[in-house]
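*Asks:* For reference, the structure I am asking about is given below.
Values quoted throughout were computed directly from the atomic coordinates according to the rules given, and no laboratory measurement underlies them. On a predicted model such as this, the values are computed, not experimentally measured, just so you know. Using ideal geometry, Cβ is built from the backbone for each residue, glycine included, and neighbour counts are taken over all protein chains shown.
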Amino acid sequence: MLWVKDGDSVGPQVVFALAVALGVPACLAMLWRARSEQGVWPSVVLLAGGALWSAAGLAMTMTPDVELERQIYAWSAPVFGVAAAAIVWQALTMTGRRPGRSPWLVAALALEPAVMVVVAAVPALTARLARVGTGPDGVTHLVNGPLVYVHTAVAGGMAVLGGALLVAGRSRVVTGHQGRFAVAALAMGAPTAAALAGVALVRDPVLVVAAASAGYVATIAILGSRLVRSRDLGVPLGVHQVLGALGDAVLVTDASGIVAQANPAARAMLGRWSPDGPEGKHWSAVLTPELAEALRRSGTVTAPDGTVLDVRTTEIRTGRSTVATVAVARDVTELELLRTQLAEQALRDDLTGLHNRRHLDQVLGERDLLGGSTTLTAAMVDIDRFKSVNDRHGHAVGDQVIIAVAGVLSRDLRADDVLVRFGGEEFLALLPGAAVDDVRDRAEEWRRACSALTVVSERGPVAVTVSIGLAQAEPGDDADDLLRRADAALYAAKRAGRDQVVGPVTGGGAA
């Protein structure tokens, strides 16, 4: 049996004993969670503080020495301040802040418990925390002094501040984690609410501590119901964390165009060409005209540093009014480069690196290339007796011959000239702005350079010659007409003995 100082102590003793019996294992369980889960250390402090507070209350009811009872009461007071600081710390942590990074905040939270330690250590101040009174029955007992109300107001105010932060923080986290704030507010606010009620309603320090311990038992019940099954006191996932984890830049502007929020990716992206942060400024002040236009209409835009951005804009509307605009910008520079490379590869011949027939079709599809006053000459080039080269020396040597001829033809190309591998051993050169007579000398240079090529195989040197057919676009021609006449000129060169330049010829057709 517990020793009872007087009959009125039985009820508080039961509360204190229950709080200690439940609080110690609950504290150990929460301490175990703190090894692997961030954000629960304030809960460990709160549970440990509640257990100490209740143990102090139990000791107060068991001692017959009223002066010792006053000392126990005084030294339990800082625990209440520490618990209140833990509530504020927990609220700041759950709302995405990092209180440990602010020395001023840490000092402010530690101030009240530190002051109460001084009060407990100085007898004159301890006497003003709790004084000894004598009841009608002549029995001495403690009565709350004026410092209790000051202490309760300050520590209780800290706890209320923590609760307010938890309530406000619900709107800044993802929906599935909002319940964590309700659990935290109930669990951490119960001892504070009970202690405040005790100070307001009774003058007996034992009953004040008993009220706080009763709230502490409620805290244990709330946490115990979820201690194993969930992580309701862990750091919730805030909207700012979700936005911060995104690699895409997210820029939120209000109805007047003021930037309300920019995630880290947006600040980093804007920081490349805007030295100041974007929040609080009009979007036109932090975006280039091109980006501003993209913000209005969505689309792909090139930033000042050459970055290619894919911008998608969504309006948030209430009724018929737009209340905010969310712009998401993704860096697609590498993707655009890859797309360009793939598109270019699709238009290139793998063996020679020259453009292919697909590119030729695109060029010939341009109306201004063949129409009107633009002079255009086509030169069709074919490697002579190429089949025999493959048959005698092998396809690998044949490929070397094709590459060598492509190298000759691609020398001194003008910006507007188009050279394609037409197919197999055939090449086609389109020469805008050049009449056929001007091209003839150039074609002769190609022919002579090809005949001077040296390609060596295991069976000896390979003789390389080419035949070239020329044709000039005429009024009313389409692409097929031009190519047909160039092809006819080529086969005329073949029939005339090969290794020569022929054209233009009248009519068309292949031999």
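*Asks:* If you average 1/r over every pair of different alpha-carbon atoms in the stretch 347-502 and take one over that average, what Kirkwood value in Å do you get?
*Replies:* Its Kirkwood hydrodynamic radius stands at 15.8 Å.
*Asks:* What is the sum of charges around A260, taking Lys and Arg as +1, Asp and Glu as -1, for the other residues whose C-beta is under 12 Å from the C-beta of A260?
*Replies:* On the way: positive: K281; negative: D254, E279.
Its environment carries a net charge of -1.
*Asks:* Take M380, M62 and order them by how many other Cβ atoms sit within 10 Å, fewest up front. Spell out each step's value before the answer.
*Replies:* Working: M380 24, M62 16.
The order, fewest Cβ neighbours first, is M62, M380.
*Asks:* Mind listing which GluC sites (Glu not before Pro) in the stretch 313-410 are in a DSSP loop and have 13 or fewer other Cβ atoms within 10 Å? Can you show the working numbers first?
*Replies:* Working: sites: E315, E334, E336, E344, E366; in loops: E366.
Passing both the DSSP loop test and the Cβ count: E366.
*Asks:* What length, rounded to one decimal in nm, is gained on full extension from T63 through to D361, with 0.36 nm per residue of separation minus their alpha-carbon distance?
*Replies:* Result: 97.0 nm gained on full extension.
*Asks:* On to the next question. Give me S467, S54, S457, S388 ranked fewest to most by other Cβ atoms within 10 Å of their Cβ, as a rough exposure proxy.
*Replies:* Neighbour counts put them in this order, fewest first: S388, S457, S467, S54.
*Asks:* Using the 10 angstrom Cβ neighbour count as an exposure proxy, how do E112, E445 rank, fewest first? Write out the running numbers ahead of the final one.
*Replies:* Values: E112 22, E445 14.
Taking fewest neighbouring Cβ atoms as first place, the list is E445, E112.
*Asks:* What is the chain's relative contact order, in percent, from Cα pairs under 8 angstrom and six or more apart in sequence?
*Replies:* The normalised contact order for the chain reaches 9 percent.
*Asks:* May I pose another question? Given Cβ point charges of +1 (Lys, Arg) and -1 (Asp, Glu) and nothing else, what value in debye, to the nearest 20, does the dipole of the stretch 409-454 about its Cα centre take?
*Replies:* 140 debye
*Asks:* Then there is this: Under 5 Å between amide H atoms, partner at least 5 residues away or on a different chain: which partners does V455 have, H built in plane at 1.01 Å?
*Replies:* V462
*Asks:* Let me ask another. Do any trypsin sites (Lys or Arg not before Pro) in the stretch 354-463 lie in a loop, going by DSSP, with at most 11 other beta-carbon atoms within 10 Å of their beta carbon, and if so which?
*Replies:* Answer in residue order: R411, R414, R459.
*Asks:* Using the Kyte-Doolittle scale, find the helices of the chain whose mean hydropathy is at least 0.5 and whose Cα atoms extend 27 Å or more along the helix's long axis, counting only whole DSSP H runs.
*Replies:* Membrane-span-like by this criterion, though nothing is claimed about a membrane: 10-34, 41-62, 66-94, 146-169, 179-201, 205-224.
*Asks:* Please name which of A197, V66, A249 has its Cα lying farthest along the dipole of the chain towards the positive end, using unit charges on Cβ (Lys, Arg +1; Asp, Glu -1) and the Cα centre as origin.
*Replies:* Towards the positive end, the residue furthest out is V66.
*Asks:* Shifting gears a bit: Work through the residues other than M116 whose Cβ is under 15 Å from its Cβ and net out their charges, Lys, Arg +1 and Asp, Glu -1.
*Replies:* Result for the local shell: +1.
*Asks:* Rounding to the nearest 20 debye, state how big the charge dipole of the chain is about its Cα centre with +1 on each Lys and Arg Cβ and -1 on each Asp and Glu Cβ.
*Replies:* 1920 debye
*Asks:* A further question follows. Among [x] 94, 24, 16; [y] 56, 31, 30; [z] 40, 29, 20, which one is semi-axes √(5λ) of the Cα gyration tensor in Å computed from these coordinates?
*Replies:* Working out semi-axes √(5λ) of the Cα gyration tensor in Å from the coordinates points to [x].
*Asks:* Still on this structure, I have one more. Which trypsin sites (Lys or Arg not before Pro) in the stretch 71-168 pass both tests, a DSSP loop state and at most 16 other beta-carbon atoms within 10 Å?
*Replies:* When the trypsin sites (Lys or Arg not before Pro) of the stretch 71-168 are filtered for loop state and at most 16 Cβ neighbours within 10 Å, R97 remain.
*Asks:* Only bridges with both residues in the chain count here: give the DSSP antiparallel percent, nearest 5. Could you put the intermediate results ahead of the total?
*Replies:* Details: 53 of 56 bridges.
Expressed as a percentage, antiparallel bridges in the chain total about 95.
*Asks:* Further, regarding this structure: Taking every pair of alpha-carbon atoms in the stretch 7-224, what share in percent sits in each 10 Å bin, from 0 to the bin with the longest distance?
*Replies:* Spelled out per bin, shortest first, that is 9, 35, 35, 16, 5, 1, 0.
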